[in-house]
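Everything on this sheet refers to the single structure shown next.
The values are calculated or read from the model by the stated rules, or taken from the named source; none is laboratory data. Just so it is clear, the model here is predicted, and its values are computed rather than measured. Because the Cβ atoms are built from the backbone with ideal geometry, glycine has one as well, and the counts that use them run over all protein chains shown. Side chains are part of the model used for accessible areas, which takes the heavy atoms of the whole protein and leaves out ligands, DNA and RNA. Shrake-Rupley method; radii C 1.70, N 1.55, O 1.52, S 1.80 Å.
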Amino acid sequence: MGNGTSIGRVRALGSAHEGTHHWWHQRLTAAANLFLMTWFLISIARLPGYDWTTVSGWMQSAWVAIPMILLIASVFYHARLGLQVLIEDYAHSENRYVLMILLNAFVIVGAAIGIFSVLSIAFTGASA
Amino acid sequence: MASASPHTRPLSPHLTAWKWGANMLVSILHRVTGDGMALVGTVLIVWWLAALSGGSASYAAFMNVFTLHTGALNVIGYIVGIGLTLCFFQHLASGIRHFILDVGAGYELKANRRYSILTIVFSILATAAFWAYLIWGK
């Protein structure tokens, strides 16, 4: 890589017009996932039961619903970054653009359903 | 993203040319477990949340796939549950290994190999401990 123009050196961006944001966001969401998933697994393990009443009652608490929403956002973002690398490494023809669009659709739709479900349980108490 | 490349470009024989080591195994395990969870784990957690918000009937339909009538996990429940937790703990441990490598540490041959093996030891022990607690600890 050349030294670029002086403004390019200041911005630390090359001709791709982007820098290390993929790498950096992968690390940031990895750290967030480390905390959120540890909380999630311990909470799941410590639930007194796994019937609908117990689990939905647990999810109605703000102390559960808010971390769950943050978990979905962080995990889906991290999953998207990881699957992007998979596509870039193994899909070499034009279909990589199709796969990237499908990937974006997959994580956006998935996260939207997940977050809506948590909000729905938290706000309406999820009717039996 | 680089532009699409022609099919005729030669590929590196990276999987067959080298003697396998712990670092190579952990590297590919990190990708397999991460992308596995990204494809299967995300669908499962959204299915679980949607079924939970849909009410007791839809939640029961979800649980019936993974549990027996007694409420205990069935074969699918154990395979998916243990598989995903093993993937999670392996990805967590090799992810922490990546954080260590990111700061420039752990590149010496012996240390690199030791950290790689440790991630596998950790993931097996953590999975065993998690399921031991779920099955006998409650």
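Brief remarks on what is shown
- Its Cα gyration tensor gives the stretch B:22-136 an equivalent ellipsoid; the semi-axes, largest first and in whole Å, are 34, 15, 10.
- On the basis of the beta-carbon distance and an R0 of 30 Å, residue B:43 and residue A:89 show a calculated FRET efficiency of 0.85.
- Heavy-atom accessible area, probed at 1.4 angstrom with all protein chains present, ranks A:51, B:35 as A:51, B:35, highest first.
- Portion, in percent, of the accessible area of the stretch B:22-136 that falls on carbon or sulfur, probe 1.4 Å: 76 percent
- Remark on residue B:73: its backbone amide H falls under 5 Å from those of B:68, a criterion applied only to residues 5 or more positions apart or on other chains, H modelled at 1.01 Å from N.
- Calculated FRET value between residue A:53 and residue B:128, using beta carbons and R₀ = 35 Å, to 0.05: 0.70
- Leading residue at positive end of dipole, the protein assembly as shown (Cβ point charges), from A:119, B:66, B:125: B:125
- In this assembly, the B-A interface accounts for approximately 3400 Å² of buried accessible surface in total, computed with a 1.4 Å probe and without ligands, DNA or RNA.
- If you sort A:27, A:46 by accessible surface, 1.4 Å probe, largest first, the order is A:46, A:27.
- Accessible-area ranking of B:30, A:21, largest first, probe 1.4 Å: A:21, B:30
- Rounded to whole Hz, the Karplus (6.51, -1.76, 1.60) HN-Hα couplings of the stretch A:66-80, x for glycine and proline: 5, x, 4, 5, 4, 4, 4, 4, 5, 5, 5, 5, 5, 4, 5
- Taking every alpha-carbon pair within the protein assembly as shown, the share separated by more than 23 Å comes to 61 percent.
- On Cα atoms only, tilt of B:75-102 relative to the major axis of chain B in degrees: 40 degrees
- Residues of the stretch A:57-99 with an amide N closer than 14 Å to a point placed 7 Å from the Cα of residue B:138 along the Cα-to-Cβ direction: A:58.
- Mean-square fluctuations from a GNM of chain A, with a 10 angstrom spring cutoff on Cα atoms, peak among A:75, A:55, A:64 at A:55.
- Accessible area per residue in Å² at 1.4 Å probe, computed on chain A: 59 Å²
- Length gained on full extension, residue B:27 to residue B:65: 10.4 nm, using 0.36 nm per residue less the C-alpha separation.
- Look at where the Cα atoms of the stretch B:46-82 and of the stretch A:19-92 average out, and the two centres are 19 Å apart.
- Degrees between helix B:42-53 axis and first principal axis of chain B (Cα, 0 to 90, nearest 10): 20 degrees
- Between the Cα long axis of helix B:22-36 and the first principal axis of chain B there is an angle of about 40°, rounded to the nearest 10.
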